[in-house]
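Chemist: I'd like to ask some things about the structure below.
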Amino acid sequence: MNPIHPDDSLCYLNGEYLPLSGARIPVLDRGFIFGDGVYEVVPVYHKRAFRLEPHLDRLQRSLAQVRIDNPHTRDEWRAIIDRLVRSSTPVDLAVYVQVTRGVARRDFAFPRNVTPTVFAMASALTRPSAAQRDAGLRTISVPDARWLRCDIKSVSLLPNILAKQAARESGAYEAWFVDKDGNVTEGGSTNAWIVTKDGELVTRQLSNSILGGITRRSLVKLAADAQIKVVERPFSLEEARGAREAFLTSTTSFVTPITKIDGKPVGTGKPGAVAARLRELYYGYMGSPEPGAA
Ligand SMILES: Cc1ncc(COP(=O)(O)O)c(C=O)c1O
C-alpha cells in the first residue's frame with residue numbers, strides 16, 4: 001500500500017481510469033528516459049477546480065512550446081479532471097496532469113507517429129500550516145542553474161529538485177534562485193515577491209526566466225483592483241534581504257510570508273501586513289475561508 005496515495009485512489013492513464021497503484025508506463029516512455037514532457041497542477045477547493053481555464057491555457061502553451069500536440073480537447077480535459085475530483089474523498093485537492101511525448105525507441109530527435117502519454121491524479125491539497133503562515137517561512141538562496149526556458153512547465157526539474165532539497169536540509173521551506181546578475185528569479189516551485197523599504201510591492205516581470213504563475217497572475221490583478229500598486233521588475237538578493245516584507249505564491253502555497261532569507265530576518269522578522277492583505281484578497285477570490293484564520 002502506498003502511504004501517499006491509497007490504493008483505491010483513482011488516476012487517469014491513456015484513456016483509462018484505474019487505481020494509482022496499478023498504473024504502469026513502459027520504460028521507453030520519453031518522460032522516463034529524457035524528461036520529455038510537461039505538466040500542470042490544478043487546485044480544487046471544495047470539489048471545484050479553481051482557475052481551471054488559465055491552467056489549461058498554460059498546459060496548451062507548454063505543449064506547443066515543446067511541440068507535443070495537445071492530446072485532448074478542453075472538454076475532455078475538464079471531464080478527466082472532473083471525474084478524478086468526484087472520485088476523491090478530500091474536498092481540497094491538487095490535480096496533477098502530465099503529458100509526455102510518448103513511448104519510442106531511444107533517440108534524442110522526435111520519433112514519428114508517436115502517441116503522447118497522458119497521466120493525471122488527484123491528491124489532497126497540502127498547504128502551509130497555520131503555524132507556518134503565522135511564523136513565516138524560511139528561504140535560502142541558490143544560483144539559478146536552470147535552462148533558459150523556465151516559462152515552460154517542463155517535467156525536467158533537476159535544478160529545482162536539488163534547490164528544494166538544499167532548502168529542506170537547511171530547515172527552509174523554499175530556495176530562491178539567483179541569476180548571474182544577482183537578481184532573484186523565483187523559488188523552486190513558487191514565485192517570489194518583496195515589499196521594499198519604500199513600500200513598493202515588487203515581483204519579477206514575466207519572461208523566459210520564470211514560470212508565469214497562475215497565483216501570481218491572480219494577485220497582480222487582485223492587487224490592482226484593491227489600488228495596491230505592483231511593480232513587475234527584477235529585484236536583487238540584497239534588496240530582498242533589506243526588504244520590509246517578502247513572500248511567495250503558488251497554487252499549493254497560496255500567499256505565504258517569508259521571514260528569513262539565508263538565516264537573516266526580513267524586516268521585523270515577522271510576517272507583514274501586505275502579504276496578509278493579499279492573502280485575504282486571494283481567499284476572498286477563491287470564495288473559500290482560510291483554514292485556521294484568526
Ligand atoms: C518554478 C515555479 N514557479 C512558480 C510556480 C507557481 O505557479 P502557480 O501559481 O501557477 O502554481 C510554480 C508552481 O509549481 C513553479 O514550479
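The values are calculated or read from the model by the stated rules, or taken from the named source; none is laboratory data. As the structure is a prediction and not an experimental result, all values here were calculated from the model. Cβ atoms come from the backbone with ideal geometry, glycine included; neighbour counts cover every protein chain shown.
Chemist: Give the residue that is farthest from Y45 (Cα to Cα), with candidates limited to residues of segment 248-291 that are away from the ligand (no atom under 16 Å from the Cβ) and among the basic types (K, R).
Modeler: K264
Chemist: With the checklist (1) within 15 Å of the ligand (Cβ to nearest atom); (2) within 24 Å of A167 (Cα to Cα); (3) basic (K, R) in hand, flag the one item R217 doesn't pass.
Modeler: (2)
Chemist: Right, here's the next one. From the list E238, E245, which residue is modelled with pLDDT of 95 or more, surrounded by fewer than 15 Cβ atoms within 10 Å (Cβ to Cβ) and either within 15 Å of the ligand (Cβ to nearest atom) or not β-branched (V, I, T) (or both)? Outline the logic, then answer.
Modeler: Details: E245 fails: surrounded by fewer than 15 Cβ atoms within 10 Å (Cβ to Cβ).
Of E238, E245, the one residue that is modelled with pLDDT of 95 or more, surrounded by fewer than 15 Cβ atoms within 10 Å (Cβ to Cβ) and either within 15 Å of the ligand (Cβ to nearest atom) or not β-branched (V, I, T) (or both) is E238.
Chemist: While we're here: Can you name the strands (runs of 3 or more DSSP E) wholly within segment 1-94 that have at least 2 residues being of a type in the set (A, V, I, L, M, F, W, C), closer than 27 Å to N208 by Cα and within 16 Å of the ligand (Cβ to nearest atom)? Walk me through how you get there before you give the answer.
Modeler: On the way: elements: 10-13, 16-19, 37-45.
In segment 1-94, the matching strands (runs of 3 or more DSSP E) lie at 37-45.
Chemist: Which one of S209, S288, S218 is assigned to a helix (DSSP H, G or I) and small (G, A, S)? Write out each step before concluding.
Modeler: On the way: S209 fails: assigned to a helix (DSSP H, G or I); S288 fails: assigned to a helix (DSSP H, G or I).
Answer to the check: S218.
Chemist: Got a sec? Which of I152, I161 is within 12 Å of the ligand (Cβ to nearest atom), under 30 Å from F119 (Cβ atoms) and part of a loop (DSSP other than H, G, I, E, B)? If you could, list the steps in order and put the result at the bottom.
Modeler: Details: I161 fails: part of a loop (DSSP other than H, G, I, E, B).
When all the criteria are applied, what remains is I152.
Chemist: Select from segment 185-204 the residues that are more than 10 Å from the ligand (Cβ to nearest atom), surrounded by fewer than 24 Cβ atoms within 10 Å (Cβ to Cβ) and of a type in the set (S, T, Y) and list them in ascending order.
Modeler: Our first condition is that a residue be more than 10 Å from the ligand (Cβ to nearest atom); within segment 185-204, this holds for 193-204.
Of the ones still in play, those that are also surrounded by fewer than 24 Cβ atoms within 10 Å (Cβ to Cβ) are 195-202, 204.
Result: T196, single match.
Chemist: Only one of Q98, Q132 is touching a strand residue (DSSP E or B) at 6+ places or on another chain (Cβ under 8 Å) and either within 12 Å of the ligand (Cβ to nearest atom) or part of a strand (DSSP E or B) (or both). Can you tell me which? Talk me through it step by step, then tell me what you get.
Modeler: On the way: Q132 fails: either within 12 Å of the ligand (Cβ to nearest atom) or part of a strand (DSSP E or B) (or both).
After ruling out the rest, the residue left standing is Q98.
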